[in-house]
Amino acid sequence: MALHHTDAEAPPPRWQRRKEARPSEILAAAMETFVEHGYAATKLEDVAKRAGVTKGTLYIYFESKEALFKAVVRESIVPILATAEQMAQDRSADPKLLLRRLMNDWWEAMGPSGLGGLPKLVMSEATNFPELAQFWYDEVVRRGRQVFAQVLRRGMEQGTFRSVDVDLAVRMILAPVLMAAIWKHSFLACEKEAFPVEQYLATSIDIFLRGVAATPGAPEVLDA
């Protein structure tokens, strides 16, 4: 005798099983599409196709391309910044080691993934989309600078670092990471030899720390 499944026993439709995962799939597809094509050239139908959903389904979660881009930033980059902000609160941490770790962690989170292509996208299209540029500045740039500034000021208060212009110093310490991200998504393919990004960043932070050290020329302690 054939067995008949009741409604309670029947497996849920595929779209119901994937409903909770669908926004994250759309965001992943959007990030890849934005990085590959830029903001202006990205079409929502292309994002939907890459995510395996219809354009109508995409609109259920995100009302516009601008809302989608902001969601990508908030869901992928802002959590990284939140973690860095928590790290910066640790007053027992050695400021030198903390700056090293913040730089390394930022690159490990952004560099190997497609996220590293977002700074280049925003910078290249800031003139045409000033509202998005302002959003990026407020959500990412400003918060990132505040993290490094907090650690620098604490190091100065503790006598680990000499007195420096904090705003300019923060720009200097972040510049190598930004350059590495932009380079990866532009000229890296043109280089015949591999660009040792980790070694480049380690050299950059070492030079920076020696420059701001309270005792000139003092050797810096490397991560244990």
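The values are calculated or read from the model by the stated rules, or taken from the named source; none is laboratory data. Since this is a predicted model, take the numbers as computed values, not measurements. Don't worry about glycine lacking a Cβ; one is built from the backbone with ideal geometry, like all the others, and counts go over all protein chains shown.
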Note down all Cβ pairs under 9 Å where the first residue falls in region 181-197 and is in contact (Cβ under 8 Å) with a residue 24 or more places away in the chain, the second is part of a loop (DSSP other than H, G, I, E, B), and they're at least six residues apart or on different chains.
-> ALA181/GLY111; LYS184/GLY111; LYS184/PHE195; VAL197/GLY111
Among LEU115, LEU132, which is modelled with pLDDT of 90 or more and on the phi < 0 side of the Ramachandran plot?
-> LEU132
Hits in region 161-213 - residues which are aromatic (Phe, Trp, Tyr) and touching a Gly at 6+ places or on another chain (Cβ under 9 Å) | PHE161
Pair list, Cβ under 9 Å, 6 or more apart: region 48-63 residue on the phi > 0 side of the Ramachandran plot, other residue acidic (Asp, Glu) and surrounded by fewer than 19 Cβ atoms within 10 Å (Cβ to Cβ) | GLY52/GLU25
If we keep only residues of region 13-46 that are over 20 Å from the mean Cα position of the chain (by Cα) and among the hydrophobic types (A, V, I, L, M, F, W, C), then the residue modelled with the lowest pLDDT is TRP15
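Can you tell me which residue in region 56-97 is nearest to SER113 (Cα to Cα), limited to those that are part of a helix (DSSP H, G or I) and of a type in the set (Ser, Thr, Tyr)? First the steps, then the outcome.
Initially, region 56-97 is screened for residues part of a helix (DSSP H, G or I), giving 56-61, 65-76, 78-88, 95-97.
Checking the rest, the ones that are also of a type in the set (Ser, Thr, Tyr) come to 57, 59, 61, 76, 83.
Numbers: THR57: 26, TYR59: 26, TYR61: 24, SER76: 11, THR83: 18 Å.
Per the stated criteria, the residue is SER76.
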Quick one: count up the residues across region 86-106 that are surrounded by 14 or more Cβ atoms within 10 Å (Cβ to Cβ) and either closer than 21 Å to TYR200 by Cα or among the acidic types (Asp, Glu) (or both).
-> 13
Residues (in a loop (DSSP other than H, G, I, E, B) and either over 24 Å from PHE129 (Cα atoms) or assigned by TED's automatic domain parsing to the domain that holds MET123 (or both)) located in region 20-55 = GLU20, ALA21, GLY52, VAL53, THR54
Taking ALA10 as the residue in question, decide whether it is surrounded by fewer than 17 Cβ atoms within 10 Å (Cβ to Cβ) and either at pLDDT 50 or above or in a helix (DSSP H, G or I) (or both).
-> no
Residue match in region 155-165 (condition: closer than 28 Å to MET31 by Cβ and in contact with a Leu (Cβ under 8 Å, 6 or more places away or on another chain)) | no
When region 25-39 is checked residue by residue, the ones that are within 13 Å of TYR61 (Cα to Cα) and either in contact (Cβ under 8 Å) with a residue 40 or more places away in the chain or touching a His at 6+ places or on another chain (Cβ under 9 Å) (or both) are ILE26, LEU27, ALA30
Criterion (of a type in the set (A, V, I, L, M, F, W, C) and in contact (Cβ under 8 Å) with a residue 12 or more places away in the chain) met by exactly one of ALA67, ALA149, ALA133, ALA93 | ALA149
